[in-house]
1. Which of rounded, prolate, oblate describes region 247-296, given a ≥ b ≥ c as roots of the alpha-carbon gyration tensor eigenvalues and a/c under 1.5 marking rounded, otherwise prolate only if a/b is larger than b/c?
2. Quickly rank 262-273, 142-153 as a protection proxy: mean count of other C-beta atoms within 10 Å, highest first.
3. Which of the aspartates and glutamates could a cross-linker bridge to residue 408, judged by Cα under 17 Å and excluding same-chain residues fewer than eight apart?
4. Using the Cβ atoms and a cut-off under 13 Å, what net charge is assigned to the surroundings of residue 178, where Lys and Arg are +1 and Asp and Glu are -1?
5. Would you mind getting the accessible area per residue of region 359-415, heavy atoms of the protein chains only, 1.4 Å probe, in Å²?
6. Anything over 22 Å Cα to Cα? Flag those among 128/320; 128/319; 274/424; 188/424, in the order listed.
7. Let me know the shape class of region 121-178, please: from the alpha-carbon gyration tensor, a ≥ b ≥ c as square roots of the eigenvalues, rounded when a/c is under 1.5, otherwise prolate if a/b is greater than b/c, or oblate.
8. If you roll a 1.4 Å probe over region 97-151 with all protein chains in place, what percent of the accessible area is carbon or sulfur?
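The values are calculated or read from the model by the stated rules, or taken from the named source; none is laboratory data. Predicted, not measured: the structure shown is a model, and the values here were computed from it. FYI the Cβ positions are ideal-geometry reconstructions off the backbone, even for glycines, and counts take in every protein chain you see. To get the accessible areas, we keep the full protein, side chains included, count just its heavy atoms, and leave off ligands, DNA and RNA. Shrake-Rupley method; radii C 1.70, N 1.55, O 1.52, S 1.80 Å.
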Amino acid sequence: MKKNVVYIMLLGLMGCVEVFDVPVNEADVTSTLIIEATLTNKLSRQNILLSRPSNFEVVNELDSVYDPVYPVRVRPPSIVFERNATVTVSDDQGNAYSFQESSPGTYTSDVEFAAEQGVSYELQVVTKDGTRYGSTPERFTETASIDEIYAVRELNNVGEEGVSIYLDGGSADPNANFYRYTYEETYKIIAPTWQRQDFVLSNYDPCAIPITYDLDIVFRDDGEGRVCYRTDPSEAIIQNNTSGLQQNRIEGFPVRFLPRNNFIISHRYSILVKQYVQSQNAYNYYEALESFSSNESVFSAVQPGLLEGNITAEGEGDKKVLGYFEVAPVTEQRLYFNYSDLFPGEPLPDYAIPCTETAPPLEHVSYCFTGLVANPCPLSLVESVNINLVSYVGLNSEGIGVCPGPYKINFRACGDCTILGESKVPDFWEE
């Protein structure tokens, strides 16, 4: 029986999420292992991610879910991480590197190492059921550089104003023709209705008759929750091919476009762009994978076995694998800009969520009251504070709101940026 299946591929070990729909037999669901591995020439603890498709009976029927706190469309989780596998990378120089499970499904090398130019590497995975998976030998011979990344205020090809991030670079090696890019963007968040004071609820019993609680208004630690930072990985497959050019140069390659109304550029924004030099086979694999994600009507009849990588399951059986073991040199460069650098004197984008002050009633009827109560009022302040939904704004001296209470409030994220990010300044951050 055919099932329409959603695969989520976290590509390049950078959190890159690609979603594509392909029809798969019921047996394929439980037997398909997803392997995501890019070995680079950067001295570090290398990472490999193992997962499997999850319950497609459910996922097939679900639409995207809306998150009211952080307003983006997200798809329900549709992978389960592969636990307790044995992962090894070996090279043709006699070295073997063991990987341990550092978090569910993520396997990290025991030691730091860097892929060396001209050396061949192979990946071996043994899952807990004893199935062995292996890659073909892979190596890199070409390298390339990033000369500059820069931001330009402009209109995109559909007339939308915003900021384009471009890259210049290339290689002196005429054979370095295939490139893949990922990025991590970090941005400053400033809570628009932050106050020095906030609610603290204790001794709350919603079932007492009447309810009991202590609601205090206390001073926060200096600046707590006012300024935060968030880092998000890229979600698209971004590739470039210079094989048809007279010179192996990359000039003005578009990596990212940010509409001017995107709140993440409201204050200070940074992007770390990583450039991988690919083999032609790796380029072709990612190009095909991108086609699955963006042209499902064209590929609706394509079985996942036709998306062939360089990893196979050893021996007989119905075990299937999706993924590519890539060995690629990587270069990276970071860019910063402020909104005022490109839009001087112009209004900031709207915040991540609407921030409208309200003043709900202070209390609610006991949850254990059995009488009839008509209650046209919104959720009480005590209930809202208990579930961390709101933050303090001030006294309701104007009497605003339906069933007005004594305090003005706003959504928690409007007065406490830690809902959207982290208060710790990243080690790399520059003002």
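1. On the way: a/c = 2.72, a/b = 1.55, b/c = 1.76.
In terms of gyration-tensor shape, oblate.
2. Working: 262-273: 19.9, 142-153: 16.2.
Ranked from most to least packed, the peptides come out as 262-273, 142-153.
3. 198, 216, 357, 363, 383, 398, 416
4. On the way: positive: 180; negative: 142, 173, 287, 326.
Result for the neighbourhood of residue 178: -3.
5. Solvent-accessible surface per residue comes out at 52 Å².
6. On the way: 128/320 15 Å; 128/319 13 Å; 274/424 24 Å; 188/424 11 Å.
Violating the 22 Å limit, Cα to Cα: 274/424.
7. oblate
8. On the way: 1060 of 2580 Å².
Its accessible area is 41 percent carbon and sulfur atoms.
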